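The values are calculated or read from the model by the stated rules, or taken from the named source; none is laboratory data. Please read all numbers here as calculations on a predicted model, not as lab measurements. Positions of Cβ are generated from backbone atoms using ideal geometry, with glycine treated the same way; all protein chains shown enter the neighbour counts. With ligands, DNA and RNA removed, areas are computed over all heavy atoms of the protein, side chains included. Shrake-Rupley method; radii C 1.70, N 1.55, O 1.52, S 1.80 Å.
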Amino acid sequence: MIRITSAAHYFQPLADGDSLPSLDDELKPLCRENFRRIDRFIQLALLGSGRCVAGQTLQPDCAIYLGSGLGPIGNNITTQEQLIRDREIPKPFNFINTLGSSAGFYVARNLGLSGQNIFISRRGESTAAVLSAALADLAAGNAHQALVGVVEEATFPLAAHRLRQGLAADMPVAEGSHWLLLQAGGDIGGELQLLRFDEFAGLQDYLTPRWCREDILCCGAEVSAECADILYHSLPDCVLPDPQQAFHDSQAAAWITEFVTSSDGGGNLYLVTGNETRGWALFHCNA
């Protein structure tokens with residue numbers, strides 16, 4: 001049995017004309033040292049992970065699984081501008097931090113962890129990817145504790161950010177850092193399960209008799225509108241995530257951590273991902 005022993009949720013909607021809120025004051029009590037020359041993506045990772053483990057006992061070999069759909073997009077933009085627009089060699093700081101794995105290094109250093117440290121990027125499905133990896137390692141005994149996070153960074157101007165993501169010109173956007181501390185065994189915290197189905201009908205047959213009125217259904221980016229609609233209409237009093245919530249590429253991570261941090265102990269959250277070609281995955285989370 002895999003338990004969620006702690007969770008942290010940072011979600012910041014942004015509007016045209018805003019400036020990015022400074023994270024410096026919030027990071028000071030969470031960081032063991034004053035990290036110099038870190039970018040926004042790393043700051044977000046430090047903020048979410050630090051909040052998640054506050055008051056928790058971490059095993060030295062606690063594994064880190066960090067995911068992102070967009071990755072450190074700010075430094076990637078800067079590096080491309082230096083190369084293509086300015087025809088200059090990228091500055092080492094910008095170039096090194098184009099790799100999302102740099103954030104995992106800083107999280108491990110800040111928390112004093114020496115376990116495996118994995119970064120996974122998958123557009124629209126990074127949450128499912130990192131959770132799948134962490135749950136597989138915990139179930140196999142390759143790790144006994146896992147810190148799982150998803151970070152999405154927004155860049156200004158927001159009009160250009162929307163254009164890069166193929167979003168409507170008036171679409172609200174956000175940045176976020178969403179983290180879960182998972183533990184193999186124990187009796188503290190809600191349970192997190194992963195079930196897989198070859199056929200959509202099998203997923204329906206499993207979910208329908210277990211559905212309760214307080215449950216929440218989330219469909220990942222790979223789930224077709226047709227399949228999502230079938231599920232929504234076949235489950236009584238189905239509660240859906242807020243459709244007006246500002247977009248970032250790992251919306252499912254925001255749904256899960258919001259559920260865990262705000263739940264009053266009732267209901268379940270089901271996250272469905274997949275398609276007819278790959279098969280289906282169902283993440284079941286209770287408080």
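For residues in segment 70-111 being among the aromatic types (Phe, Trp, Tyr) and farther than 20 Å from VAL150 by Cα, which is most open to solvent (accessible area, probe 1.4 Å)? Step through it out loud before you land on a result.
Going through segment 70-111, the residues among the aromatic types (Phe, Trp, Tyr) turn out to be 93, 95, 105-106.
The next check asks that each one be farther than 20 Å from VAL150 by Cα; those that pass are 93, 95.
Working: PHE93: 50, PHE95: 125 Å².
The residue in question is PHE95.
For first residues located in segment 193-222 and closer than 16 Å to LEU271 by Cβ, partners that are basic (Lys, Arg) and lie 6+ apart or on another chain with Cβ distances below 9 Å form the pairs ALA221/ARG123; GLU222/ARG278. Answer yes if at least one residue in segment 184-194 is more than 30 Å from ALA108 (Cβ to Cβ) and either acidic (Asp, Glu) or open to solvent by less than 20 Å² (accessible area, probe 1.4 Å) (or both), and no otherwise. No, segment 184-194 has no match at all. If the condition is being open to solvent by 50 Å² or more (accessible area, probe 1.4 Å) and more than 23 Å from ALA45 (Cβ to Cβ), then segment 1-17 contributes MET1, ASP16, GLY17. If you take the residues in segment 140-195 that are modelled with pLDDT of 90 or more and of a type in the set (Val, Ile, Thr), which one is nearest to the chain's Cα centre (by Cα)? Across segment 140-195, the extreme among qualifying residues is VAL150.
Is it the case, given these coordinates, that LEU271 is at pLDDT 90 or above and surrounded by 20 or more Cβ atoms within 10 Å (Cβ to Cβ)? Considered against the rule, which asks whether it is at pLDDT 90 or above and surrounded by 20 or more Cβ atoms within 10 Å (Cβ to Cβ), LEU271 comes out as yes. Considered as a group, the residues in segment 25-36 that are of a type outside the set (Lys, Arg) and surrounded by 10 or more Cβ atoms within 10 Å (Cβ to Cβ) include one that is farthest from CYS52 (Cα to Cα), and that residue is PHE35.
Screening VAL223 with (1) part of a loop (DSSP other than H, G, I, E, B); (2) of a type in the set (Val, Ile, Thr); (3) open to solvent by 20 Å² or more (accessible area, probe 1.4 Å) gives one miss only, at (3).
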